[in-house]
Amino acid sequence: MPVLRALSKVAKQALLAPACGCQPLTVAIRNISFSPRQVTSGSDASFHSVSFSETDHPKVLITGGLGQLGVGLAKLLRKRFGKNNVILSDIRKPPSNVFHSGPFIYSDILDYKNLREIVVNNRITWLVHYSALLSAVGEANVPLARAVNITGLHNILDIAAEHGLRLFVPSTIGAFGPTSPRNPTPDLCVQRPRTIYGVSKVHAELMGEYYHHRYGLDFRCLRYPGIISADSQPGGGTTDYAVQIFHDAIKTGKFECNLKPDTRLPMMYIDDCLRATLEVMEAPVETLSMRTYNINAMSFTPEELANEVQKQLPDLQVTYEIDSVRQAIADSWPMNFDDSNARNDWGWKHDYDLPELVQTMLNFIGSDSRIAQAN
Ligand SMILES: NC(=O)C1=CN([C@@H]2O[C@H](COP(=O)(O)OP(=O)(O)OC[C@H]3O[C@@H](n4cnc5c(N)ncnc54)[C@H](O)[C@@H]3O)[C@@H](O)[C@H]2O)C=CC1
Ligand SMILES: CC(=O)[C@H](N)C(=O)O
């Protein structure tokens, strides 16, 4: 009965909302235990992101911005929207080059009040939520992964709904599990992941879509494959080997792989991943038939990657010392990712296949290490 009473109160308040949809009416229902702390009213998608006009640049906040992906995304978004319109945030201390490249702010996503203050004081209109514990580190610390990936997400969803933000939350190939079709994995299929990381990402997909339908939140989500980057280190995932091989190949000529040689996983070069993120954030609402999309570029095994690297560095020696936790995770993940909906709906297209990826990584890391040796 209290639930019904609360629901009818919310419905009545929603009915009192202006019909034009031009102002997001904020309904304070903080006391209702099953509801978000504060939400925008209405379920019509046209309410979305009314807090900035399409002709203005968005004001973007990136959480967890000092990980493998955030700094690169900030660089791309600053090029497009202006340096001061993109704020990086994290709980770690930024290196001086990052600190001096544009606005940086401390933000712990577990601190709701602090998050709200940042959004209000900086008039944020887009939120890119990158904070997370990845698959392997998540298994090593389940309580922390649960707090950051699930409780933290709840804070983000409520803040975004309350302030009419456009919200991007990445998901992952890790949101699928051993009972999902693995070759290829479509957007819609069984999702029963066996890691806390995967469980938290399915939860994020479902909660984001629920807030979209229930409260009109402009939620956008891409399931990233393993991301490969030269100038930032991965944060403790199962696909990390595909970054490490390049550093070891150049520095020592030897690489010990922690996955079996025939473990096939979907992968993507970071430039494609960040461009996809910007593209889906800018995609007109009417092109999005879904709110969570697979995106992909290539799929390879450690052996195929090593062979491609050896075309450039024939002396590279690769050995295999299997990490049982990571191997079990990889064996439950997609081998190939079907991203046809992203391609059809908003024109997703990757630029980098395996040969271009390898050439680009070796050029980048090679020139970096030549500079380091010269200094
Ligand atoms: N890198 C990849 O291959 C993939 C990444 N993704 C997703 O993309 C997002 C970004 O990934 P990465 O940059 O690789 O992750 P990362 O692990 O490198 O960085 C995550 C960041 O979150 C921060 N963080 C942790 N606890 C926090 C808290 N309480 N408050 C604020 N920040 C906190 C960490 O300090 C770290 O800088 C994540 O959500 C991840 O799940 C999805 C698929 C693939
Ligand atoms: C694919 C991912 O989500 C990440 N790189 C991980 O391996 O955990």
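Arg146 falls short of the stated requirement of being away from ligand 2 (no atom under 16 Å from the Cβ), modelled with pLDDT of 95 or more, open to solvent by 30 Å² or more (accessible area, probe 1.4 Å) and out of contact with any strand residue (DSSP E or B) (no Cβ under 7 Å at 6 or more places or on another chain). Looking at region 223-245, is at least one residue in a strand (DSSP E or B), in contact (Cβ under 8 Å) with a residue 40 or more places away in the chain, farther than 19 Å from Leu357 by Cα and not hydrophobic (A, V, I, L, M, F, W, C)? Yes, there is a match, as at least one residue in region 223-245 is in a strand (DSSP E or B), in contact (Cβ under 8 Å) with a residue 40 or more places away in the chain, farther than 19 Å from Leu357 by Cα and not hydrophobic (A, V, I, L, M, F, W, C).
Looking at region 79-140, the strands (runs of 3 or more DSSP E) lying wholly inside it that each contain 1 or more residues that are crowded, with 18+ Cβ neighbours inside 10 Å, at pLDDT 95 or above and out of contact with any helix residue (DSSP H, G or I) (no Cβ under 7 Å at 6 or more places or on another chain) sit at 86-90. Sub-9 Å Cβ pairs linking a first residue in region 337-352 that is more than 19 Å from Leu265 (Cβ to Cβ) and without any contact (Cβ under 8 Å) to a residue 12 or more places away in the chain to a second residue that is open to solvent by less than 60 Å² (accessible area, probe 1.4 Å) and of a type in the set (A, V, I, L, M, F, W, C), at least 6 apart or interchain, are Arg343/Ile295, ordered by first then second residue. Taken over region 149-178, residues that are open to solvent by 20 Å² or more (accessible area, probe 1.4 Å) and either within 14 Å of ligand 2 (Cβ to nearest atom) or among the β-branched types (Val, Ile, Thr) (or both) amount to 2.
Tell me yes or no: at least one residue of region 264-271 is among the β-branched types (Val, Ile, Thr) and touching a Ser or Thr at 6+ places or on another chain (Cβ under 9 Å). Yes - at least one qualifying residue is present in region 264-271. Applying the set (1) open to solvent by 10 Å² or more (accessible area, probe 1.4 Å); (2) within 14 Å of ligand 2 (Cβ to nearest atom) to Pro181 leaves exactly one unmet item: (2). Contact map, region 137-153: first residue in contact (Cβ under 8 Å) with a residue 40 or more places away in the chain and over 20 Å from Thr238 (Cβ atoms), second residue open to solvent by less than 70 Å² (accessible area, probe 1.4 Å) and more than 10 Å from ligand 1 (Cβ to nearest atom), Cβ cut-off under 8 Å, separation 6 or more or different chains; pairs are Leu153/His203; Leu153/Met207. Here Tyr224 qualifies as touching a strand residue (DSSP E or B) at 6+ places or on another chain (Cβ under 9 Å), among the aromatic types (Phe, Trp, Tyr), within 13 Å of ligand 2 (Cβ to nearest atom) and under 28 Å from Asp368 (Cβ atoms). Within region 160-172, the set of residues being within 7 Å of ligand 1 (Cβ to nearest atom) and not in a loop (DSSP other than H, G, I, E, B) comprises Ser171, Thr172. I'd like to check something: does region 197-219 contain any residue that is touching a Lys or Arg at 6+ places or on another chain (Cβ under 6 Å), in contact (Cβ under 8 Å) with a residue 12 or more places away in the chain and either of a type in the set (A, V, I, L, M) or within 14 Å of ligand 2 (Cβ to nearest atom) (or both)? No, because not a single residue in region 197-219 is touching a Lys or Arg at 6+ places or on another chain (Cβ under 6 Å), in contact (Cβ under 8 Å) with a residue 12 or more places away in the chain and either of a type in the set (A, V, I, L, M) or within 14 Å of ligand 2 (Cβ to nearest atom) (or both).
The values are calculated or read from the model by the stated rules, or taken from the named source; none is laboratory data. All figures in this text were calculated on a predicted structure; none of them were measured in a lab. Neighbour counts run over all protein chains shown; Cβ positions are idealised from the backbone, glycine included. To get the accessible areas, we keep the full protein, side chains included, count just its heavy atoms, and leave off ligands, DNA and RNA. Shrake-Rupley method; radii C 1.70, N 1.55, O 1.52, S 1.80 Å.
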